[in-house]
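Peer 1: First the structure, then my questions, so here it is.
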Amino acid sequence: MTDADRSDLLAALRDADAVLFGEFELSHGGTSDYYVDKYRFETDPRCLELIARAFAGRADGTKLAGVALGGVPLAAATAVEADLPYVIARKAAKEYGTGNRIEGELAEGEEVVVVEDIATTGRSALDAVEALREAGATVNRVLVVVDREEGASDLLADHDVDLEALLTASELLADADD
């Protein structure tokens, strides 16, 4: 991602009011004085376009896997941008229909890159990686829009997975002060 692309994405996230300040409870149970609202950037056409373009440049022709719910629109937009197929990794298997945890076509040994919105602890991304590996995929990378820099990179590295973030919390918050 070039400096100009990073600057464009930061501006688009700001324009979409995707960074909120206050006191917020996070999904892992902790609290934070800022919140990156994935729904604001995932439903904004300009943000989605910039994210899809950046992810497409990093996908390297590899099948994508969107983590439900937040990673799915990102994977879909990136799939269209890069002309790549994708699958959906659910947090748990459905209790009806096919009962699948992985939705879409996935071949044994197929290389997949996980697409996620925000990484905090990395637990959600790791759960998706493990589900995909159990389904026979080879997974070595996770792409995220924002790394909150709270341990996700280390947790994933412990499981032989590289975390690649378009932006870090440090960059996002530094830009918010401008």
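The values are calculated or read from the model by the stated rules, or taken from the named source; none is laboratory data. Keep in mind that what you see is a predicted model, and the values were worked out from it rather than measured. Quick reminder, even Gly has a Cβ in these numbers, built from the backbone with ideal geometry, and neighbours come from all protein chains shown.
Peer 1: Among the numbered criteria (1) in contact with a helix residue (DSSP H, G or I) (Cβ under 8 Å, 6 or more places away or on another chain); (2) surrounded by 16 or more Cβ atoms within 10 Å (Cβ to Cβ), which one does ALA135 miss?
Peer 2: Only one criterion is unmet by ALA135, namely (1).
Peer 1: What number goes with the only condition from (1) in a helix (DSSP H, G or I); (2) more than 18 Å from ALA56 (Cβ to Cβ); (3) modelled with pLDDT of 95 or more that GLY136 does not pass?
Peer 2: (1)
Peer 1: Got a sec? Which of ASP3, ASP33 is touching a strand residue (DSSP E or B) at 6+ places or on another chain (Cβ under 9 Å) and at pLDDT below 95?
Peer 2: From the options ASP3, ASP33, the qualifying one is ASP33.
Peer 1: Please determine whether any residue of region 41-48 is free of Cβ contacts under 8 Å to residues at least 40 places away in the same chain and within 22 Å of ALA92 (Cβ to Cβ).
Peer 2: no
Peer 1: Hey, can you tell me all the residues within region 125-150 that are among the small types (Gly, Ala, Ser), touching a strand residue (DSSP E or B) at 6+ places or on another chain (Cβ under 9 Å) and free of Cβ contacts under 8 Å to residues at least 40 places away in the same chain?
Peer 2: Residue satisfying the conditions is ALA135 alone.
Peer 1: Would you confirm, using the coordinates I've provided, whether ALA76 is surrounded by 14 or more Cβ atoms within 10 Å (Cβ to Cβ), in contact with a Gly (Cβ under 9 Å, 6 or more places away or on another chain), assigned to a helix (DSSP H, G or I) and of a type in the set (A, V, I, L, M, F, W, C)?
Peer 2: yes
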